[in-house]
Amino acid sequence: MRNVAVVKNEVLLQIGAPAQAGATDGRTRDRVAQLLLKRGAATAAELGAVLGLSPAAIRKHLDAMLADHLVETREVRSNRPRGRGRPAKAFALTAAAREELNPHHYDGIASAALRWIAQHHGPEAVSAFAAAQVAALEERCQAALRSADGDPIARAEALAEVLTAEGYAANATTIASGGQLCQHSCPVAHVAAEFPQLCDAETEVISRLIGTHVQRLATIAHGDGVCTTHIPTRHAHPLPHSAENTVRTDT
């Protein structure tokens, strides 16, 4: 897929728009795309508040991105009574747009290599390979988390910052039953769809780094929009020391 900004600039030039206007529109849409990659989904009003633009201006860009199949709409669920006017819509990147922002040029050869490993050495060898692959990531994250608070939710927030720098577009939120670590991008999603051992190894790393058991609720590799990991609070789910790093993976 070609770069979104380049395509939009060419279209604007073809209809006679000034080059500067096309470049500005391209930059704004790049910012919208990056924000949606980070958040997963957002309304025009939410995007405008972050980017300093009016909802009407944001909707202009979103309409163009809808026409280019770069975003899709989702219903905003709310328990509040709906007032007059159209119901609010949330916008999220399409799979093709996420691929543009995080291209996977080596998926084919990676999948072929893992198939060869599985065929000649069995699924246990694939698991060992996956663990070795995330070892370097775990080491980098450990270094960044050394000064983090011991509370699992606080460590999840610190981990989200590190994972974002690694290309996972992650964020952590607090919910009633503990917390959630969400990864809006997965560098190995296409390969992990065939080899879930990659997701399992990553989940084990998250558990060790946060210091408590975690539960994987959704993954991009299995068709979900976001990789979501539930982090129960220690108060709500006390664990013996020996079970602290137990991982439950539900896929």
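One decimal place: the segment residue 154-residue 76 gains 25.3 nm when fully extended, by the rule 0.36 nm per residue minus the C-alpha distance. Among the protein heavy atoms, those of residue 195 account for about 20 Å² of accessible surface (1.4 Å probe, every chain in place).
Using 0.36 nm per residue, how much length does the chain from residue 45 to residue 140 gain when fully extended, once their Cα-Cα distance is taken away?
On the way: separation 95, 0.36 × 95 = 34.20 nm, distance 3.64 nm.
Contour length minus Cα-Cα distance gives 30.6 nm.
Among 175, 117, the order of accessible area from largest down is 175, 117, computed with a 1.4 Å probe on protein heavy atoms. With both labels modelled 7 Å from their Cα along Cα-to-Cβ, the residue 222 to residue 147 distance reads 3.7 nm. Applied to the stretch 37-44, the Karplus parametrisation 6.51 cos²θ - 1.76 cosθ + 1.60 on θ = phi - 60° returns per-residue 3J(HN,Hα) values of 4, 6, 8, x, 7, 7, 7, 4 Hz, with x for Gly and Pro.
Largest first, what is the accessible-area ranking of 76, 162 with a 1.4 Å probe? If you can, show how the numbers build up before the last one.
On the way: 76 65, 162 25 Å².
The ranking, largest first, comes out as 76, 162.
Label-to-label distance for residue 56 and residue 30 is 2.8 nm, based on points extended 7 Å past Cα in the beta-carbon direction. Stretch residue 95-residue 68 to full length: gain in nm at 0.36 nm per residue minus the Cα-Cα span? Contour length minus Cα-Cα distance gives 8.5 nm.
The values are calculated or read from the model by the stated rules, or taken from the named source; none is laboratory data. As the structure is a computational prediction, the values presented were derived from the model and not from experiment. We place every Cβ from the backbone using ideal geometry, glycine too, and count neighbours over all the protein chains shown. Keep in mind that these areas ignore ligands, DNA and RNA; they rest on the heavy atoms of the full protein, side chains included. Shrake-Rupley method; radii C 1.70, N 1.55, O 1.52, S 1.80 Å.
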